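Okay, so here's the structure we're looking at.
The values are calculated or read from the model by the stated rules, or taken from the named source; none is laboratory data. All figures in this text were calculated on a predicted structure; none of them were measured in a lab. With ideal geometry, Cβ positions are generated from the backbone for all residues, glycine too; neighbour counts draw on all protein chains shown. Accessible surface areas use protein heavy atoms only, side chains included; no ligands, DNA or RNA. Shrake-Rupley method; radii C 1.70, N 1.55, O 1.52, S 1.80 Å.
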Amino acid sequence: FFPLTFLTDSTLFSFSHCCCSLPRSVWLGCSSVAESLCALRCLQSLPSSRAHNQFGNGSVAGLRKRTSQGNFEKEKDLCIQLFDQWSESDQVEFVEHLISRMCHYQHGHINSYLKPMLQRDFITALPAQGLDHIAENILSFLDAHSLCSAELVCREWQRVISDGMLWKKLIERMVRTDPLWKGLSERHQWEKYLFKNRTNEVPPNSYYHSLYPKIIQDIETIEANWRCGRHNLQRIQCRSENSKGVYCLQYDDDKIISGLRDNSIKIWDKQSLECLKVLTGHTGSVLCLQYDDRVIVTGSSDSTVRVWDGVSGEVLNTLIHHNEAVLHLRFCNGLMVTCSKDRSIAVWDMASATDISLRRVLVGHRAAVNVVDFDDKYIVSASGDRTIKVWSTSTCEFVRTLNGHKRGIACLQYRDRLVVSGSSDNTIRLWDIECGACLRVLEGHEELVRCIRFDNKRIVSGAYDGKIKVWDLQAALDPRAPASTLCLRTLVEHSGRVFRLQFDEFQIISSSHDDTILIWDFLNVSTNGQPERRSPSRTYTYVSR
């Protein structure tokens, strides 16, 4: 027995407290204080039901120190011999049963023993089994930072990354999914080294490893140019003979197509800025246009929609439906939507350039319908009656009205759930099309907001004040972002009203009442010892996110 003087008051209190909370059969069955303390200690580390079962039988043999080392070795050898004779499933079942009878301390000891046994360098092991492709496929999901770390693990990991051309695959993945990467690959000519199997023309993995940080640096430079307003500016003088002004435009890598107030459509070479072709036929100003690989479709103040051959410039079709000027149009996937000063919206089935039939006329606006946009789910229209109306694309039925602008709405764009609109109340509004809620109001323009476009990062707007503003879209969608941080830059070069603009990751192309088309290039910003061209930031500041 332990001498009672060995126990402190706190020990006695803990002991008596534990005993009072345990079944009497447990602690009364112990032959000594020492055994009672051992029992309590094990009870704290065992599940209550198992502890009760063990001590309920009065057995404490498992808590005592092994007395005969020789007997243990013999018994252990016998158990191992029997264990080796069993099947794998029987062995697993036996070990599970054995572990279930152990205390928490023993579980921890076994866990520490098993942990290193369960660890495997599978990236090194797979190539040894002839499964290099699996190791490469696993590492191909890493981002750039993780791929750098993986190269430092060991020489075998580095070899798998190099032989698998994983830096090349990472860049290819970014080019497929990010328009900025794709645009850089085309403009900087390294696209020719991508999406090719191993040939003599394909550089080694080290080339792509060194290329990646250069691409990141280019992207950071472009983003900084957008934020700071650094750009190279090119100007096309349209030299209209009578009425001056460029109402609409669209561009690609090779050309710019513009619709002019003088009733003509002019096609410009995007590199040389020379006029390649002039299309005539409308008897009124060309107010809107859109083109694809095959056709150019234009709407005019002469109330007609004309379809032109995209190569020859020949008129293929003339649609006479609206009673007044055709203010805007959109077409995609066999569907075309036009809107007019006559307050109506026409929905057309566009089987081909010569086979276009009217499906439905949408009526509901109380003033001129200035702009339309659509996708597979909704047709969205905006009007001088201060409202935006949403219609079902499939059924052409009315869905809801978005109210909020104080004056007529001149422009909008719709994509996914987001609608962005500009109005003669000088504001821009962001809307959730599904619930009709206004998410944000952007203020800053001093006159009517005439044109607006957005992508995943930015909103770019042009107004009758002659200014183009670049807004942070993600900040605008964050209700916590202060209004003073939303406008990143104001671009001031036009001397007249801005009628239309389009932009991508590298540039803005805009047209104006001043009879010019401006190309704002944020990629090829070259100082050559001259001061950088910057547009004033006014009172707005940019907060890095």
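Between E93 and C154, full extension at 0.36 nm per residue minus the direct alpha carbon distance yields a gain of 18.1 nm.
Overall dimensions of segment 407-446, expressed as equivalent-ellipsoid semi-axes from the Cα gyration tensor (√(5λ), whole Å, largest first), are 18, 10, 8. For segment 314-415, the percent of C-alpha pairs falling in each 10 Å distance bin, counted from 0 to the bin holding the largest distance, reads 16, 51, 28, 5, 0. Summarised in one figure, the compactness ratio Rg/Rh of segment 430-505, Cα atoms and Kirkwood Rh, is 0.97.
A 1.4 Å probe run over segment 330-470, with the rest of the protein chains in place, finds 38 Å² accessible per residue. The share of accessible area on segment 243-339 that comes from carbon and sulfur is 43 percent, using a 1.4 angstrom probe. Once the convex hull of all Cα atoms in segment 229-521 is built, its volume per residue stands at 117 Å³.
In this structure C79 has an accessible area near 80 Å², from a 1.4 Å probe over the protein heavy atoms.
Each residue was assigned an accessible area with a 1.4 Å probe, and for F503 the value is about 30 Å². At a probe radius of 1.4 angstrom, the accessible area of segment 138-257 per residue rounds to 55 square angstrom. Using bins of 5 Å that start at zero, the share of Cα-Cα pairs per bin across segment 351-402 amounts to 5, 19, 27, 23, 15, 7, 4, 0, in whole %. Compared with the alpha-carbon gap, the fully stretched path from S495 to R359 is longer by 44.8 nm at 0.36 nm per residue. Around the amide H of S344, modelled in the peptide plane, lie the amide H atoms of V369, all under 5 Å away and 5 or more residues distant in sequence or on another chain.
Just how far, in whole angstrom, is segment 188-259 from segment 352-413 if you go by their alpha carbon centroids? When both Cα centres are located, 33 Å separates them. Among 464-475, 346-357, 247-258, the peptide with the highest mean count of other Cβ atoms within 10 Å heads the list, and the full ranking is 464-475, 247-258, 346-357. Measuring from a point 7 Å past the Cα of R294 along Cα-to-C-beta, which residues in segment 356-373 have an amide N at less than 17 Å? Inside the label zone: 356-358. Distance between the modelled labels on L194 and Y113, one decimal in nanometres: 5.4 nm (7 Å Cα→Cβ projection).
Here's how it looks for C248: its modeled amide H is under 5 Å from those of G259, which are all 5 or more places away or on a different chain.
Taking all protein chains together and rolling a 1.4 Å probe, R415 ends up with roughly 80 Å² accessible.
Note on segment 205-275: the alpha carbon radius of gyration divided by the globular reference 2.2 N^0.38 Å gives 1.66. Using a simple spin-label model with pseudo-atoms 7 Å out from Cα toward Cβ, N137 and Q85 lie 4.4 nm apart. Restricting the calculation to alpha carbons of segment 166-311 gives Rg and Dmax of 20.7, 61 angstrom.
Carbon-plus-sulfur fraction of the accessible area of segment 461-526, 1.4 Å probe, in percent? Of the solvent-accessible surface of segment 461-526, carbon and sulfur hold 48 percent.
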